[in-house]
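Structure record follows, encoded as structure tokens.
Please treat every number below as a calculation from the coordinates, not as lab data. These numbers were taken from a predicted model, which means no experiment stands behind them. All Cβ positions, glycine included, derive from the backbone under ideal geometry; neighbour counts span all protein chains shown.
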Amino acid sequence: MTLASPPLPPVVRRGYGLGSVATGAFGTVPGLLLLPYLTDHVGVPAAAAGVIVFAPKAWDVVLNPVAGRVSDRSRHPDGRRRPFLIRAGLLLAAAFVLLFLGPSAPVWLGAAWVAVAYLACATAYAFFQVPYVAMPAELTDDYDERTRLMTWRVAVLALAILVSGGASPAIRDALGPEWGYRAVGFFVALLIAGGAYGAWRATRSAHLHEADAPTAPLGEQLRVVRADRTFRSLLLTFVLQALATGAMLAGVDYVARWVLGTPVAATLLFVCFVGPALVVMPLWQRVGTAYGKRRGWVVASVLLAAGALLLLGARVLPDGAVYAAVALVGVGYAGAQMFPLAMLPDVATRTGETRTRAGLYTGVWTAGETLGLALGPGLYAVVLAVGGYQSSAGSTVAQSDSALTAIVVGFSVLPASLVLLSLLALRSFPSHEGGTP
């Protein structure tokens, strides 16, 4: 691959990464707090609360390709993607404030408020996330520069997840449910607005390599994307790993309560899972530059799967060993996030024709990621049900040995199997597409 672009200014790399403050905060906090807010504060039955939490994710699966198509056809003088960052980002922040400002009684009104507000959040997020993820294809044509760009993005994403995911429950607990949830809404909205503004402003001086917008109907373009075997291989691998990630994140609280049994276990597990990205991202960048992105992704995936398999012994291992295994998962997870995100623009722009569809490719990509992260917890729940896990309003109901085994299996064997299965999908990805340029 010919290097056609000069290196990006450091301010553009760092500034583009700030957009991950918005994606990280919105992707983390609702998963941690929205379900407890509905069931324990508003009083919505668990089944109905689950539908309210899942439905907007399903809506995004449909909407993301449309958002990509809309941004592909944009003719704004500031670029086809950048204006969406500030507009959709601020709308997302406003909708997130409303999410926790609704009434708690009667139950049906509180539930309806959350459902509408969360749907508004999901709609705004689609029009922020898809153009944002599509931008690297137009910021640079340089193979290695895209890896450096993704290094910044994933590092900022990890930091945003740590800050938003760690501080939000603490804010709620410090202020109490009534005002705590509202304060969380404003706190996360500020993170989202700040990240969106930072990404929009810092990329204003970047030279965007934009091609003419596609003229074919959306259905025809989706058929073209579906027929692209290279993209399908990349997408399937990433979606399977998103399933694995969703299952592991869903299991953190169960492992913390029933296996480790210490008050700070959930926080420590969360930090061990996400924290390594802040340290190892420069190392993964060097691996990608020296050996190629595809090979680096394979190594990262193997580390992720190995760490997950080690967790099968969580019930008998010392706590320190469990945390160490989760940290190994985090090391692999960092690379398994960076490499596919760096490979996506390579695939979407490898010909002049596919360059015109970068937004559509990204829309399909983010739809697959959303679906994977949404279904991962569902798979974990199936494992719990098979193991006979007993639900309750609190955590005092004794669990059977089979239920405890299911908690561990869903946290270890399930994600490891999904990651290893994903490597079979990656085998059909052409080696020259993800190798060194």
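Quick notes
- Separation in nanometres of the label points that stand 7 Å from Cα toward Cβ, at ARG226 and LEU109: 4.5 nm
- Taking θ as phi - 60° and the Karplus parameters 6.51, -1.76 and 1.60, the scalar couplings of segment 406-418 work out to 4, 4, 6, 4, x, 8, 10, 5, 4, x, 4, 5, 5 Hz in sequence order, x denoting glycine and proline.
- Distance between the C-alpha centres of segment 63-139 and segment 251-298: 28 Å, rounded to the whole angstrom.
- Order of TRP365, TRP258, TRP200 - criterion: other Cβ atoms within 10 Å of each residue's Cβ, fewest first: TRP258, TRP200, TRP365
- Each of HIS41, HIS76 has some number of other Cβ atoms within 10 Å of its Cβ, and from fewest to most they run HIS76, HIS41.
- In this calculation the C-beta distance from LEU175 to THR262 is compared with R0 = 25 Å, giving a FRET efficiency of 0.55.
- For the pair ALA381 and HIS76 in one chain, pulling the backbone fully straight at 0.36 nm per residue adds 105.3 nm over the alpha carbon distance.
- With both labels modelled 7 Å from their Cα along Cα-to-Cβ, the VAL11 to ASP401 distance reads 6.5 nm.
- Order of LEU421, LEU371 - criterion: other Cβ atoms within 10 Å of each residue's Cβ, fewest first: LEU421, LEU371
- Placing dummy labels 7 Å off each Cα toward the beta-carbon, the span from VAL51 to ALA183 is 3.4 nm.
- Here ARG427 and TYR291 are evaluated by their C-beta separation; at R0 = 22 Å the FRET efficiency comes out at 0.80.
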